[in-house]
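I have placed the structure first, in the form of structure tokens, so that the comments after it can refer back to it.
The values are calculated or read from the model by the stated rules, or taken from the named source; none is laboratory data. Everything numeric in this text was worked out from a predicted model, so none of it was measured. Here the Cβ positions follow ideal geometry from the backbone for every residue, glycine too, while neighbour counts run over all protein chains shown. Keep in mind that these areas ignore ligands, DNA and RNA; they rest on the heavy atoms of the full protein, side chains included. Shrake-Rupley method; radii C 1.70, N 1.55, O 1.52, S 1.80 Å.
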Amino acid sequence: MAGKLSKVNLNDYKPLREVIFDTLREAIIAGELKPGERLMEVKLAEKMGVSRTPVREAIRKLELEGLVEMLPRKGAHVAELSAKDIMDVLEVRATLDGLATALAAERITDEEIKELEHIQSQFLAYANKDNLQGSIKKDVEFHELIYRASRNERLIQIANNLREQIQRFRVIYLKDYSNPKELIKEHQYILEAISTRDKIAAQEYAQKHINHQETAIIKAIKNMKGGGGV
């Protein structure tokens with residue numbers, strides 16, 4: 001069981017089962033609870049200082065979100081990541097990011113370009129210091145600003161529906177499989193295309209950025225499984 005889980009804040013205004021759900025979901029997305037790790041109600045309840053009932057309810061809700069799977073005679077486990085899972089989600093994200101970036105190249109303001117440049121410089125600083133949490137935070141901010149600059153609320157809503165799954169892949173990629181120099185270069189290409197209002201280049205670079213992530217993660221998963229199918 002991951003050591004970073006701790007007692008939850010019982011003064012939170014949310015129902016306890018929602019607090020437990022949010023805590024466990026964040027632990028899964030952040031990689032504190034690993035794919036395939038067993039979720040034992042008793043141990044989780046003890047760690048978080050609560051009864052088993054809200055933990056059981058949270059696990060059921062996580063199962064509905066696809067973050068937890070129930071295995072016959074083995075109980076609840078953190079859902080494994082397959083190459084198919086990654087391909088499905090990142091194919092959608094590549095298309096969404098491409099569209100959002102193309103629209104942002106047309107609609108972004110000068111102030112937002114300056115903000116994007118500032119985020120990129122912060123991302124560079126964190127990456128150079130091997131600060132994973134800082135890099136993840138700035139990567140999220142970089143892409144969220146591009147979506148806001150698209151001025152398309154429906155597109156933003158669709159992307160938000162994939163938020164948890166995308167964040168899970170983002171953490172895995174930045175933690176284990178990314179090349180900081182390549183990531184910085186890819187962000188810079190996207191930034192320059194947006195800054196010069198080059199819609200076609202912006203879309204192309206955004207899609208390549210996601211495709212590189214997909215290729216790297218799938219290759220790593222296949223290597224871990226001995227090169228076979230996933």
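Spatially, the range 54-70 and the range 31-45 are offset by 11 Å when compared through their Cα centroids. Structural descriptor for the chain: relative contact order 23 percent, calculated from alpha carbon pairs under 8 angstrom and at least 6 residues apart. For an R0 of 35 angstrom, estimate the FRET efficiency from the Cβ-Cβ distance between Thr53 and Lys74 and round to the nearest 0.05. My answer for the efficiency is 0.95. Taking R0 as 41 Å, what FRET efficiency do you get between Val42 and Lys137 from their Cβ-Cβ distance, rounded to the nearest 0.05? That pair, Val42 with Lys137, gives E of 0.75. Solvent exposure of the chain amounts to 54 Å² per residue of accessible area, where only protein heavy atoms count and the probe is 1.4 Å.
Label separation (Glu182 vs Thr109): 3.7 nm, computed from points 7 Å beyond Cα along the C-beta direction.
Over the chain, what percent of the accessible surface lies on carbon and sulfur atoms, probe 1.4 Å? Carbon-and-sulfur percentage of accessible area, whole number: 50. Helix screen, the chain: DSSP H segments with Cα axial length of 30 Å or more and mean Kyte-Doolittle hydropathy at least -0.5 are 83-107. The residue list Ile221, Gln157, Ala127 was ranked by how far each Cα lies along the charge dipole of the range 99-230 toward its positive end, using unit charges on Cβ atoms, and Ile221 comes out on top.
Between Ala220 and Ala125, the modelled label-to-label distance comes to 2.6 nm, taking each label 7 Å out from Cα in the direction of the beta carbon.
Nothing charged except the Cβ atoms of Lys and Arg (+1) and of Asp and Glu (-1): what's the magnitude of the dipole of the range 42-93 about its Cα centre? Round to the nearest 20 debye.
In debye, rounded to 20, the range 42-93 gives about 360.
If you count Lys pairs in the range 3-125 whose Cα atoms are under 28 Å apart, skipping same-chain pairs closer than 8 places in sequence, the total is 27. Reported to the nearest whole Å, the Cα centre-to-centre distance from the range 120-148 to the range 155-189 is 10.
222 nm [θ] for the chain, helices only, -39500 (n - 2.57) per DSSP H run of 4+, per residue, to 500? Before the final figure, lay out each step's value.
Values: 10 runs with 158 residues, N = 230.
Roughly -22500 deg cm²/dmol at 222 nm, from the helical runs in the chain.
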